[in-house]
Every structure is written in structure tokens, then in C-alpha cells.
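Every read-out reported here was derived from the displayed coordinates using simple, explicitly stated rules and does not represent laboratory data. Being a predicted model, the structure only gives us computed values, none of them experimental. Don't worry about glycine lacking a Cβ; one is built from the backbone with ideal geometry, like all the others, and counts go over all protein chains shown.
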Amino acid sequence: MKLLKLEAGDFWGGFAAMLVALPSAIAFGVTIYSPLGASYAAQGALAGILGATALGLIAPALGGTNRLITAPCAPAAAVLSAFAIEFMHGGGNLESALLMVSMLGLLAGLLQIFFGMVRLGRLIEYMPYPVVSGYLSGVGLIIIGSQVPKFLGAPKGAHFWESLAAPGIWKWQSMVVGAVTIGVMLAAPRVTKVVPAAILALLAGVLAYFGLGLADPALLTLEGNPFVVGSLGGGGSFTDAMASRWHAMGNIGLDQIKSIAVPALTLAVLLSIDTLKTCVVLDALTRSRHKSNRELIGQGFGNVASAVIGGIPGAGTMGATLVNISSGAVSRFSGVFEGVLALVAFLILGALISWVPVAALAAILMVIGVRMIDRHSFQFLKQRSTILDFAVIAAVVATALTVSLIAASGIGIVLAVFLFIREQIGGTIIRRKLHCNETFSKRVRTHEEMEILVARGERGVVIELQGSLFFGTTNQLYSALEPELKTRDYVILDMRRVQSVDVTAAHMLDQVKDMLTEHHGFLIFSQLPQNLPSGRDMQQYFDQVGLVRPESPVRVFGELDEALEWVEDRILEDAVCELGEQEALWLSEIELFKGRKEQTLAALEQRMEKRSYKAGDKIFKRGDTSDELFLIRKGAVRIMLPISEKQSHHLGTFGRGAFFGEMAFLDGDVRSADAVAFSDTELYVLSRKTFEAFAEEHKKLALGLMEGLASVLASRLRYTNAELRVLES
């Protein structure tokens, strides 16, 4: 039962979609073939029906996007009609024009198959919005301009401005039929949504025409009647015409192929964008995900099949797809039903289609053209930041109207590239700049060490970069680095927010490295992204271009904290501060106990435990129950917060003379993190129980120890607060 219900929904969805797509397909076909002569309007209508049939049968079967309806569309009509007009004005004959139009659709379909096979589906979706908006608005205006003469009833060959400037050639019968069609198409959605507006509008146009025929019997004559589509011709005559057309393919030369190459590429891109844009909307409505590349292949085969049988190309259409969904369709078979029903409708209603008024079709297309114009783009004029985006749209529209749609696509893409470069150049690539006496590593230093770092930390600078480092921003980056190269010994570039780097930027950084090396300085990178949006590993790329190599004076660190710690150690070493592999400190040499009586310290030292750890040994782990305070005589200890079994977050590093474990010593709670020996380490260990027993005899020293702990913790907090204030500024 569930399967039968699904099939019923697909059938009714396909039926409703056919009612929407078929009138437009006929109108598009007439628009494409009309420039070849009035007698070819009927062939155009037939080409539209055949296009709807072929696309409906092939594209859903091979593309596979559920509920998507593929049919002849406005961009195809605009590109093909413009090509036909230009071809005829260039001296081409009718037979060649028909063949070239079919070849153009065939090549566009083959290009779509190629797009899908090389996985360009996702790339086409990222076509800049101003280009798409301008192009569709241009197509809409071209369609309106091409249909106005037909709406007015002007003779064949009359163009837009000629028709408007010569009221004497207007036919009031065409205008009445067109006006009725437009009125019904605009008003129908307010009355009912059961029957598509295009169907009601077309029926109203036909009824209006036959109403006028009651007053003027000449309108009821089919032969030679310029007001209607005319006889579609017998199947044999059309088949013969198609056969002769394809037999003429042998006469096509390289020049003809070149003449359709660019229009075919333009058409393929437009049809692909139109389809994928509809697929994105369909995904949002149905909470599904389409496969862009597979859909392009299906669309390409559909357009190839349409061209082979004499139909016109098309794409996934928004209106018919939305009607399909609302009518209960659930699968791709609704698109197949739409194609079958289009052919059935032609076979049953072929005689009626012959009587469809040209003015009614023109009116439907004029409404479609108006709806294609992106009126929301005028909002871009209200903001200075978007005026140039509107300029791109206007330039594309103007080029489409004055030169060609093909030139408009090229102009739009070039302008969009310039806008992108301008945006990248206009934004700052320097997110933050701090000196090494304004921000510090997580390594806990003694008071004397911190005083040295505050006094001498200006020798190092941390510059956090963001965005794209390419030829357009290289000069901005160099201008920001140049003042630092003369006064700093250590330049740290934090790369975590960098999106891309090109050869120009890498070459400039190589020059920066050389300038620092001249006065024994260092260029230091931290957090080089392993996976840029382009998929590139930045460190591998830097190695390939010669910037980061084992013999290079450049330093690379996985985290900014590691880079800061390395710079701080260099600054402290230059200040002849005793660090690293020096002798273990005695209790009296540790900052916490300096100035205390030697006898008292000796008594305390006898009660304290001495422990040694190798690099990598765990001193305690998170969750351990312990009340011990650890004082570092030699080496360094890292405090790590476990995140998972294989990952930990570095909270801080404690060096020679520092203490750690004070939280559990003070409150008796369990350990909140792991302590790991970063290097070979020697410790004094004082438990809370031992301290309390010692405090009974030496209250002054015990009080001094507590005050010392509080003083050091307060000092750490002050440095942290100062660093946070710098980061906020």
C-alpha cells in the first residue's frame, strides 16, 4: 500500500508539473525559432514539447535528484534566440541555422556531462551572486524585449524599439489577447493554487482569441494566420526535416564548431547554475542532499537526447519543481511522469496547440521575464559597501543588452574577480600585534625572570595573521613587518587563521627571513595549518618553496605557547639567568624561602622529601588524592589537562625555582590535572601533614610560607590580568 501511495503522489506531481512546464516550453520554442521566419513558429512549439519530453524522461533517470523537474528554460531561450538572430544577420541560411541551433544544444549537453565527470558541480555552485543576478536579469530583459513586438502584433522582423516607435503597426487583437493572458496569470494565484497560473492564463488567452474570432471570422482561419502558432505539421515531415538536418552534419567544418563553442560553454554553465540553484532550494525544502556532479551528468544526457530528436535544451526549473512537491511527489519518477505526460498531451491536444495565440505565449514569457529581474539588487545602492556589487550587476545587464549574453558572462566573472581581490586587499591581514613583554607563555617563571622578560621582552614580537596571503596582500604584510625587522630579534608569525598562501607571499617571507638573519634574528612560525581550505599542507608548501628546511634559520612550532616559551628562554639566557642544565637549587635558593633563617630552613628541608623524575615521567595524574606541594630544584614540569585518551591541553610549564600542586595543598581536594616531567627533574615535596606538624614548632616560617604562596599566586594573576587587558585592546 505504501508503494502504491508513493506512485500515486509521483503521478499527480508529474501531471501538475507538466501543466506548468508545457506552456512555457512551447513559448520558449516559439521564441527560439521565430527569428528564422513566421512559418517556423510551429516547429519551435514542437521543439519545446520534444525538449520537455526528452528532458523529463532522461534527466531524472540518470540524475537522480528526487522531485526535480527538468524542462526547457528561459536562459536556453535567451541564448539560442540570440544566437539564431546573430547567425541570420551574418548571412546564414535557414537550413544551416536549424542545424547550428541543434548542434549548440548538443555541445552544451556534452559539456555538462564533462562538468560532472571532472567534478565541477560544486565549483559552479560558487558562481558569484552579482554575476548570476546580473545575468538572469539580463536574460529577463532580453526575453521581455523579444516578446514585446509579438505582444503588440508587429510584423516579423520588427525589433523592440521599432515596434514601440510605430503604433501604426500594432494589432489590437494581439494586445487584447496578451493583456487578458497577463491579467489572468497575475490574478490566478490569488484565486486558486490548484491549477497552475500559466495554464489558466494560456486558456484565457485562447478563449479571448476565439471570442475575438466571433467578431472577425478571418481569425478562425489557420492557414497563413500570423496571430497563432499554426499547424505543427505531420510526424513524417518533421522526421524528414530532422533526418536531413543531421545528414548535413557532414558539411560542418572547424569554423562552424568554433562559432558555437563559446555560446555552448555559456549555455552549459547557465543551465548548470540554474539546475544546481534549484537543487539547493529543493534540499532546503525537503531536508535532503543532492549530488551535484551526478545531476550535471543526468542533465547533460537529457540535453543531448533533446538535441538529437530536435528539442530545445533545458534545466531543473524552480516553478515546476515546487508544484511537483506540493502535489505529493516523493521520488525522481515524478520527473519521468512529467516527460511522458508532456508527450501524451502533445498527441492528444496537438490540434489545439496549433490555435495557441502567439500573443498569449509572448505575454506568459513577459511575466516570466519580469520575475527573472532581480529587483532586490537595488537594495545594494543603499550601502556604500555594496555599491560596487550593484555595479557588477549593472555592467552584466548592460553588456547582455548591448553586446551579447556571451560577453556579459565574461565581463561579470572578470568584475567579480576584481571585487574579490579588492575585498581581500581592503581587509587587514594583521589581526593582532603584541610584544613579548605584553603576552607570555604558559611557563611559570620566578619573579626575577618575569622582571627580565618585562624589561627585555620588546626584543620579540608576536604578529597574528588572518585571511589570504597572496600577491594582493603581500605589500600590506611587508609594510606591517618592516618596522619590526630593524628592532626585533624574534618575529613570531601566528598562522592559525591564515586561509591561503601563494608563491609571492612565500617569497616575501623568505626575504624577511634573510633580513632577520643578517643581525642574528629569527623568523618563527606557529600553528602552520596542515589542511588549508585548498587542501594544501602549509608546512610542506613552505618546504617546497625553500622557506622552511632543516638547515634554514626559520623555527616552526606547533603552538604559539611553545614559540613564546622558546623566545623567553633565549631572552633569559642572554640575560645570564641560570636556567636549564644548572645545579639543583637548595631550599634557601628557592624564591619562596629566600631571606629565611638557615637553621629553620635546614630543619624544614630535613622533613621534606626529595624526588627525581626522568623526562616524560608522570608526577601525579588527574583525580589523585594528594595534599603535597612540589618545589622544583632542577628541570621543568608541565601541567596537562586530559581531554581524551590521546589528547591533553597544555595548562602551563613550571621551571627551576617554581612550585606547583598548591591547589590540593591548600584545599585538600583531588588533583585537577596531570603533572609530567618535561625534562629530567628534581623536586622538594612537602605534604600538608608534614607542614602542619612543622608549623607547631615554627609558626613564623609557616606563616611566611603561606604569605609567599599567596604573593606568588597574586603576582601570576597580575601578569595574567595585564595580558588580558592587552588582548582586549
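Taking a sphere under 13 Å around the Cβ of L271 and counting the other residues whose Cβ falls inside, with K and R at +1 and D and E at -1, yields a net charge of -1.
Residue ranges 498-506, 362-370 sort as 362-370, 498-506 when ordered by packing (mean number of other C-beta atoms within 10 Å per residue, highest first). Qualifying chymotrypsin sites (Phe, Trp or Tyr not before Pro) in the range 326-404, where qualification requires a DSSP coil assignment and no more than 12 other C-beta atoms within 10 Å, are lacking entirely.
Applying the criteria of a DSSP loop state and at most 11 other Cβ atoms within 10 Å to the trypsin sites (Lys or Arg not before Pro) of the range 45-134 yields R119.
Applying 0.36 nm per residue to the separation of E645 and E707 and subtracting their alpha-carbon distance, the gain on full extension is 18.5 nm.
With a 10 Å Cβ neighbour count serving as the proxy for reagent exposure, in which order, fewest first, do T439, T31 appear? Please list the in-between numbers first.
Working: T439 22, T31 29.
Least to most surrounded, the residues fall as T439, T31.
Here's the picture: a label point sits 7 Å out from the Cα of D514 along the beta-carbon direction, and within the range 480-494 the residues with their amide nitrogen under 20 Å of it are 480-491.
Nearest-5 percent of antiparallel DSSP beta bridges in the chain? Numbers along the way, then the final one.
Working: 34 of 53 bridges.
In the chain, approximately 65 percent of DSSP beta bridges are antiparallel ones.
Legend: residue pairs K442/K700; K442/K486; K442/K621; K442/K646; K621/K689; K433/K594, Cα-Cα distance threshold 26 Å; pairs beyond threshold, K442/K700; K442/K486; K433/K594.
Note on the range 595-626 and the range 681-696: Cα centroid distance 7 Å, given to the nearest whole angstrom.
Restricting the GluC sites (Glu not before Pro) of the range 560-668 to loop positions (DSSP other than H, G, I, E, B) with no more than 11 neighbouring Cβ atoms within 10 Å leaves E581, E583, E645.
Using 0.36 nm per residue of separation minus the Cα-Cα distance, give me the extension gain between R190 and T221 in nm, one decimal. Could the numbers behind the result be given before it?
Details: separation 31, 0.36 × 31 = 11.16 nm, distance 3.52 nm.
Length difference between fully extended and current span is 7.6 nm.
For L265 and V344, a Förster radius of 45 Å and the Cβ-Cβ distance give a FRET efficiency of 0.80, rounded to the nearest 0.05. Taken along its three principal axes, the alpha carbon spread of the range 333-427 comes to 62, 34, 26 Å, from the longest extent down to the shortest. For the range 474-520 versus the range 158-207, the inter-centroid distance based on Cα atoms is 66 Å. Length gained on full extension, I169 to S612, computed as 0.36 nm times the residue gap minus the Cα-Cα distance: 148.9 nm. Model label points for R688 and A61, set 7 angstrom from Cα along the Cα-to-Cβ axis, are 8.0 nm apart. Rounded to 0.05, the FRET efficiency of the F378 and D680 pair, given R0 = 60 Å and the Cβ-Cβ distance, is 0.25.
Which three semi-axes in whole Å describe the equivalent ellipsoid of the range 398-528, each the square root of 5 times a Cα gyration tensor eigenvalue, listed largest first?
42, 15, 10
If you take every residue apart from G63 with its C-beta less than 13 Å away from the C-beta of G63, what net charge results, scoring Lys and Arg +1 and Asp and Glu -1? Spell out each step's value before the answer.
Details: positive: R67, K291, R294, R332; negative: E295.
Net local charge, G63 excluded: +3.
With only Cα atoms counted, the chain has Rg and Dmax values of 38.8, 130 Å.
Take every DSSP beta bridge whose two residues both sit in the range 427-574; close to 25 percent of them are antiparallel. A crude spin-label estimate for the pair T487 and E573, with each label 7 Å from Cα along the Cβ direction, gives 2.6 nm.
Counting other Cβ atoms within 10 Å as a rough exposure proxy, the listed residues S306, S385, S146 run S385, S146, S306 from fewest neighbours to most. Under 19 Å from a label point 7 Å along Cα→Cβ of S331: give me every residue in the range 30-60 with its amide N that close. It comes to 56-60, nothing else.
Charge tally for S163 (other residues, Cβ to Cβ under 14 Å; Lys, Arg +1; Asp, Glu -1): +2.
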